[in-house]
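The values are calculated or read from the model by the stated rules, or taken from the named source; none is laboratory data. On a predicted model such as this, the values are computed, not experimentally measured, just so you know. Virtual Cβ from ideal backbone geometry, glycine too; neighbours counted across all protein chains shown.
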Amino acid sequence: MKYTLLLRLLFIFSTSFRPPETYVFICGSAGAKKYHYKETCRGLSSCSHEVLKTTQKKAQGLGLTLCGWED
């Protein structure tokens, strides 16, 4: 009985304390190499395509790195 209660509590705590995802902005062109924390970053000023909002994990999964103006 105590064992199942402990497992339930462990499950609840492990699933409820996930950090929020960080959203970033990327240029929608195929040659984009950087992601940006702010949509108004001057690194995005030369983007001639649509600026897209995505998660930082997805941007890094695409091989993008943080813009030099942002670090």
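General remarks:
- In region 1-14, the residues that are modelled with pLDDT under 75 and either surrounded by fewer than 10 Cβ atoms within 10 Å (Cβ to Cβ) or of a type in the set (Val, Ile, Thr) (or both): Met1, Lys2, Tyr3, Ile12, Phe13, Ser14
- Cross-chain or 6+ apart pairs with Cβ under 8 Å, region 31-43 first and within 11 Å of Gly68 (Cβ to Cβ), then among the β-branched types (Val, Ile, Thr) and outside any loop (DSSP other than H, G, I, E, B): Lys33/Thr65; Lys34/Ile26; Lys34/Thr65; His36/Val24; His36/Ile26
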